[in-house]
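K.L.:
I'd like to ask you about the structure that follows.
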Amino acid sequence: MSEEAIERVTVLGAGTMGHGIAQICAVAGYEVVMRDVAQAALDKGIAGITKSLDKFVSKERLSADQRASALSRIKTTESLEDAVRDADLVVEAIPERMSLKLETFRAVDAHAPAHALLATNTSSLSVTEIAGATGRPAQVVGLHFFNPVPIMKLLEIVRGLRCDDATIERAKAFASSVGKEPIVVNDWPGFATSRLGIILGCEAIRMVEQGVASPADIDKAMELGYRHPMGPLKLTDLVGLDVRLAIMEHLYAELGDQFRPPTLLRQMVRAGKLGRKSGEGFYTY
Ligand code: CAA
């Protein structure tokens, strides 16, 4: 595998995670292409990046020039082929459906340069299975970022079964270049972060179901008693109840009963209570 330096990063998906990843790459000096399937999604992504950069400028953590040059380094496109053609690193941040990931990685593998590293931001799906859709599984890695991407320090690097050491080293160097602290975790359902984070969220929802305490008091228990920056129910509202349910379904299938999704969560998702993005979850926004 080529050891070419990473200069051009392509991010697939302009949603919450995708646009956050595009932003930190541009701020770090990479030439970035952000791809989504619709112009409206790209516009929303750029608006999110602009808003976040403005926050950094207003706090004097970024200069107006740095903001402008970061924005000028981000190009957008709806074409996957155009997006990956010159990429040194492709980071996929599309919806968490395995069939969609496999189809996307097949297409990326066909059009990205042979030296390019291919990464998935999946929070629980099998990186090994995703890598299997390509002809270069040794160069496929999990790069799991956290929301809000510009603020959270961790980058969980997930090593699939056929991933090689050179890829892990390139991934670690990339993590440092975008100001993140990496951990390297072997590919196992839920990795290190989601497996622990989800079990806490799952149990908190069961406690609401059982009437143990109010959502506010359960959150306060972890915020003041354990110094978590936000309680597990507020965090579920931030991440999205539908997103957390999908991860639970997957971990339930892979790891067993401790991840069985609470009925209350299923009902809330059916009712459209998805958290902050829908205006209501365990709290009202
Ligand atoms: N861009 C720029 N700045 C941002 C920002 C963004 N997107 N989001 C927050 N900030 C800034 C705020 O402006 C604020 O800056 P100052 O301290 O300088 O004023 C700072 O970050 C803190 O924000 P707030 O004051 O609004 O609120 P807070 O202190 O509660 O922090 C938080 C917000 C950073 C989200 C914090 O509550 C937190 O760390 N929560 C936990 C988040 C978490 O666990 N994320 C992981 C989710 S799981 C995941 O992402 C992976 C998955 O697989 C689904």
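K.L.:
Within segment 266-275, does at least one residue satisfy the condition of being within 11 Å of the ligand (Cβ to nearest atom), without any contact (Cβ under 8 Å) to a residue 24 or more places away in the chain and assigned to a loop (DSSP other than H, G, I, E, B)?
P.N.:
no
K.L.:
For segment 84-108, how many residues are over 21 Å from S124 (Cβ atoms) and either touching a Pro at 6+ places or on another chain (Cβ under 8 Å) or modelled with pLDDT under 95 (or both)?
P.N.:
So the answer is 4.
K.L.:
Cβ-Cβ below 7 Å, separation at least six or inter-chain, first residue in segment 226-247 and farther than 14 Å from G279 by Cα, second assigned to a loop (DSSP other than H, G, I, E, B) and among the polar types (S, T, N, Q): which pairs?
P.N.:
The qualifying pairs are I247/S123; I247/S124.
Conditions tested, residue by residue: (1) among the hydrophobic types (A, V, I, L, M, F, W, C); (2) open to solvent by 20 Å² or more (accessible area, probe 1.4 Å); (3) touching a Gly at 6+ places or on another chain (Cβ under 8 Å).
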site	(1), (2), (3)
E203	no, yes, no
V208	yes, yes, no
A213	yes, yes, no
K220	no, yes, yes
L224	yes, yes, no
P229	no, yes, no
K234	no, yes, no
D237	no, no, yes
E249	no, yes, no
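K.L.:
Might you let me know whether segment 145-159 holds any residue that is touching a residue at least 24 places away in the same chain (Cβ under 8 Å), basic (K, R), touching a Phe, Trp or Tyr at 6+ places or on another chain (Cβ under 9 Å) and closer than 18 Å to V239 by Cβ?
P.N.:
Yes, some residue in segment 145-159 is touching a residue at least 24 places away in the same chain (Cβ under 8 Å), basic (K, R), touching a Phe, Trp or Tyr at 6+ places or on another chain (Cβ under 9 Å) and closer than 18 Å to V239 by Cβ.
K.L.:
Separate question: Of all the strands (runs of 3 or more DSSP E) wholly in segment 74-176, which have at least 2 residues that are within 16 Å of the ligand (Cβ to nearest atom) and not aliphatic (A, V, I, L, M)?
P.N.:
Qualifying strands (runs of 3 or more DSSP E): 140-144.
K.L.:
Out of (1) more than 13 Å from the ligand (Cβ to nearest atom); (2) open to solvent by less than 60 Å² (accessible area, probe 1.4 Å), the odd one out for D242 is which?
P.N.:
Looking at each condition in turn, D242 falls short on (1).
K.L.:
For segment 22-59, which positions are in contact with a strand residue (DSSP E or B) (Cβ under 7 Å, 6 or more places away or on another chain), of a type in the set (D, E, K, R) and surrounded by 24 or more Cβ atoms within 10 Å (Cβ to Cβ)?
P.N.:
Of everything in segment 22-59, just one residue is in contact with a strand residue (DSSP E or B) (Cβ under 7 Å, 6 or more places away or on another chain), of a type in the set (D, E, K, R) and surrounded by 24 or more Cβ atoms within 10 Å (Cβ to Cβ), namely R35.
The values are calculated or read from the model by the stated rules, or taken from the named source; none is laboratory data. Here the structure is a predicted model, which is why all the values come from computation and not from measurement. With ideal geometry, Cβ positions are generated from the backbone for all residues, glycine too; neighbour counts draw on all protein chains shown. Accessible surface is based on the protein model in full, side chains and every heavy atom, while ligands, DNA and RNA are left aside. Shrake-Rupley method; radii C 1.70, N 1.55, O 1.52, S 1.80 Å.
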